[in-house]
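Report on one structure; see the data block that follows.
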Amino acid sequence: MRLGYHTITWGGVVGDATGVTSVKDLYYVTNGSMAQAVQDIASAGYEGTEMFDGNLVAYSDRPDELRGLLADAGLELVSVYTGANFIYADILPDELHRVQRAAELAATFGAERLVVGGGARRAAGTTDEDYRRLAAALDRVTDIAESQGLSASYHPHLSTIVESPAELERLLPHTRIGFCPDTAHLAAGGGDPAALIRRYPDRIRHVHLKDLRRDPLQFLPLGEGELEFEFDDIVRAVQESGYDSWLMVELDSYDGDPRVAAEISKAFLDKLLDRIRG
């Protein structure tokens, strides 16, 4: 397995403010320097990275600059993360337009994967139709990704209609998109990450690793939270599924130098993988 690290920690996750009035432009972005993130991730010993769609948009008119940053650091752009509401028929075409743009940019910069979160919770409450709409939209996302030579996967996420194991079961059997387990989001949603990976072994297309403290909720570097002693079983579950590819560490924010957080998780993973191999 190869190890990667998401650039999200360099500035945290925000949305493009233009999306308030223009859904087709509502990209995820992180406000930090991608040049610094790429350098720090490589110096911590990772081989790959994941970026938000909006950070790629920033390089769309100067693609050689980002390619140069990655090449100089010896880092691969593995995956691109995007998302949408997906349940509102009127805005779905504009959301899919944005997903199309994200997929095109991912392919332009050599990524292999498109990772997608979403499925809005309505103020009036979630309906069965919302899951049907989400499943159908994710099939269309899969078609978009495949048209660009990418593998698509769905990332369950807090604040969406797919947080808990029961909600994941309401979705996955009805869509052909792959599954991206995120260890902290699955745990915070009431699930056992290793058990859920074993529940859907044939659907694993990408993996996000992060640790957490549940109360109050805070995402943490690997080994610094409540999942410290579960990661051996989580990685074994991933191996049992037949997935033998990128493990992407993702940490939304860190009170300190983000490079230090990357180094903490890398040291933890190196020891974990040595134990498993041994």
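Gain in length, Asp244 to Asp270, computed as 0.36 nm per residue apart minus the alpha-carbon separation, to one decimal in nm?
Result: 7.8 nm gained on full extension.
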### Query
Which whole-angstrom value gives the distance between the alpha carbon centres of the range 1-78 and the range 182-258?
21 Å
### Task
Hey, could you get me the Stokes-Einstein D for the chain, Kirkwood radius over alpha-carbon pairs, 37 °C and 0.692 mPa s, rounded to whole µm² s⁻¹?
176 µm²/s
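How large is Rg/Rh for the range 1-155, to two decimals, with Cα atoms and a Kirkwood Rh? Intermediate results must be reported in sequence, preceding the final value.
On the way: Rg = 15.8 Å, Rh = 16.0 Å.
That ratio is 0.99, to two decimals.
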### Task
Could you list which residues have their amide H under 5 Å from that of Tyr81, counting only those 5 or more apart in sequence or on another chain, with H placed in the peptide plane?
Met51, Phe52, Asp53, Val115
### Task
Can you tell me the dipole magnitude for the chain around its Cα centre, using point charges on the Cβ only (Lys, Arg +1; Asp, Glu -1), in Debye to the nearest 20?
440 debye
### Query
Tell me, what ³J(HN,Hα) does each residue in the range 198-215 have, in order and in whole Hz, if you take phi through Karplus 6.51 cos²θ - 1.76 cosθ + 1.60 with θ = phi - 60° and put x for Gly and Pro?
6, 6, 10, x, 6, 9, 5, 10, 6, 9, 10, 10, 7, 9, 7, 10, 7, 9
### Query
What order do you get for Thr142, Thr127 when you list them from fewest to most C-beta neighbours inside 10 Å?
Thr127, Thr142
### Task
Taking only Cα atoms and a 10 Å spring cutoff, compute GNM fluctuations for the chain and point out the largest among His97, His206, His155.
His97
### Under-5 Å amide H pairs with Trp246, H placed in peptide plane, nonlocal only
Arg2
### Query
Each residue of the range 17-23 in turn: what ³J(HN,Hα) in whole Hz from Karplus with 6.51, -1.76, 1.60 and θ = phi - 60°, glycine and Pro shown as x?
4, 4, x, 4, 10, 9, 4
### Query
Among the lysines, which have Cα under 25 Å from the Cα of Lys210 when same-chain residues fewer than 8 positions away are ignored?
Lys266, Lys271
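A short reminder: the numbers here are calculations on the coordinates, not readings from a lab. None of these values were measured; they are calculated from a predicted model. FYI the Cβ positions are ideal-geometry reconstructions off the backbone, even for glycines, and counts take in every protein chain you see.
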